[in-house]
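Chemist: Please read through the structure below; I'll follow up with questions.
The values are calculated or read from the model by the stated rules, or taken from the named source; none is laboratory data. What you are looking at is a predicted structure, and each value in this text was computed from that prediction instead of being measured. Using ideal geometry, Cβ is built from the backbone for each residue, glycine included, and neighbour counts are taken over all protein chains shown.
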There are 2 protein chains.
Amino acid sequence: MLRLSKLTDYAVVVMARLARDGALPDGQVQTAPGLALATGIAEPTVSKVLKSLGQAGLVEGLRGARGGYRLTRPLEDVPLSEVIVAIDGPIALTACVDGGLGSCEAEGICAVRGRWDPVNDAIRRALSGITLADLAGVPRRRPATMLAQLVAE
Amino acid sequence: MLRLSKLTDYAVVVMARLARDGALPDGQVQTAPGLALATGIAEPTVSKVLKSLGQAGLVEGLRGARGGYRLTRPLEDVPLSEVIVAIDGPIALTACVDGGLGSCEAEGICAVRGRWDPVNDAIRRALSGITLADLAGVPRRRPATMLAQLVAE
DNA sequence: TCAAAGGGGACCCCATTGGTCCTATTTAGA
DNA sequence: TCTAAATAGGACCAATGGGGTCCCCTTTGA
């Protein structure tokens, strides 16, 4: 169905919540349990998502008592593609692409070999053109009706 | 990993092969077993793919002895998005989107509710801009180096 | 009349993903 | 100095759904 993982969905929700609650760069932090409560997502799952986001540098985790998480960038500066990569790994629509040689038994006769690249590029571009600010309910710089056009540019 | 199904990959390969072997609109037909042999994909799988493509109107199946399949349109006129829809169903990145109300327990507090639409639109546009001719090794109207730009338009 | 082909399902298996849990490590505050 | 609260990291389990196979029916040319 060409769907992205639920975890990625959660990641967007969590980051949007961080922004809404003021956990901005150099701002106050929000704890994982708190975010779980606020978003309705199970606490262990929230933690898991935040860990991945932390490794990707999209959020900053402060350890210890009174610790928590906050964004490292405002939502407008976070393209959706980065979140997807952080959670799901590299964006590549087919196994062929990242597997290299030897991963496909039909290699010799495959008529489409190596031709998925433009597709992957197109998807990456589309997803890079959308920021988390577009997805969250926070103030946007442009009217909503223009989003589709922007996104398709 | 945001990947599309293997079946879709197979579908593209099979359709490219149909074109290459002259199974064009109003042309000769190719049998499923023959295509399996030519592509290296298992015969039952090829059949499965062709059935789906047939239901979507992308290929035409002629029954009976000397039957087989042929394209209903040249590859240039088949956007990749149609193939994906034929095999995988509607292009919708998240369960939220097509599930309607009641399918998400966090509905009340979800900050991203209903905001995935621009993402889905962007993906659809990107995939509609690529035709099977771009993916197959068949003669193209434009130099390969321009593909990425075209695709991203 | 037969054989070769497509049409439409049912069916099983397994890989991936979602989700949970446990154990370190860090750090503010009493 | 000690404790509690929090992140960091990873191991682990369960289930969904997709890949793949198979079967039976219908159609049709020879």
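Chemist: What residue, among those in the range A:55-68 that are within 14 Å of DNA strand C (Cβ to nearest atom) and closer than 13 Å to A:Q30 by Cβ, is farthest from the other protein chains (Cβ to nearest Cβ)? Steps first, please.
Modeler: Just the residues of the range A:55-68 that are within 14 Å of DNA strand C (Cβ to nearest atom), to begin with: A:60-68.
Retained after the next criterion (residues that are closer than 13 Å to A:Q30 by Cβ): A:60-62, A:66-68.
Numbers: A:E60: 20, A:G61: 21, A:L62: 23, A:R66: 25, A:G67: 23, A:G68: 18 Å.
This residue is A:R66.
Chemist: Output the number of the condition that B:E43 fails; it satisfies all remaining conditions of (1) more than 16 Å from DNA strand C (Cβ to nearest atom); (2) at pLDDT 95 or above; (3) within 14 Å of chain A (Cβ to nearest Cβ).
Modeler: (1)
Chemist: On the given criteria, is A:E76 of a type outside the set (A, V, I, L, M) and either under 30 Å from B:I84 (Cβ atoms) or in contact with a helix residue (DSSP H, G or I) (Cβ under 6 Å, 6 or more places away or on another chain) (or both)? Even if it seems obvious, please write down each step before you answer.
Modeler: On the way: of a type outside the set (A, V, I, L, M): yes; either under 30 Å from B:I84 (Cβ atoms) or in contact with a helix residue (DSSP H, G or I) (Cβ under 6 Å, 6 or more places away or on another chain) (or both): yes.
Spelling it out, A:E76 is indeed of a type outside the set (A, V, I, L, M) and either under 30 Å from B:I84 (Cβ atoms) or in contact with a helix residue (DSSP H, G or I) (Cβ under 6 Å, 6 or more places away or on another chain) (or both).
Chemist: Right, here's the next one. Checking B:P25 against (1) more than 13 Å from chain A (Cβ to nearest Cβ); (2) in contact with a strand residue (DSSP E or B) (Cβ under 9 Å, 6 or more places away or on another chain); (3) within 12 Å of DNA strand C (Cβ to nearest atom), which test does it fail?
Modeler: All conditions pass for B:P25, except number (3).
Chemist: Those residues that are within 15 Å of the chain's Cα centre (by Cα) and within 11 Å of DNA strand D (Cβ to nearest atom), I need them from the range B:48-85; list them, please.
Modeler: B:K48, B:V49, B:K51, B:S52
Chemist: Let me ask you something else. Within the range A:9-47, which residues are of a type in the set (V, I, T), within 19 Å of the chain's Cα centre (by Cα) and either within 14 Å of DNA strand D (Cβ to nearest atom) or assigned by TED's automatic domain parsing to the domain that holds A:V85 (or both)? Even if it seems obvious, please write down each step before you answer.
Modeler: The initial filter retains those residues of the range A:9-47 that are of a type in the set (V, I, T), namely A:12-14, A:29, A:31, A:39, A:41, A:45-46.
Still in the running and within 19 Å of the chain's Cα centre (by Cα): A:12-14, A:39, A:41, A:45-46.
A:V14, A:T39, A:I41, A:T45, A:V46, listed by residue number.
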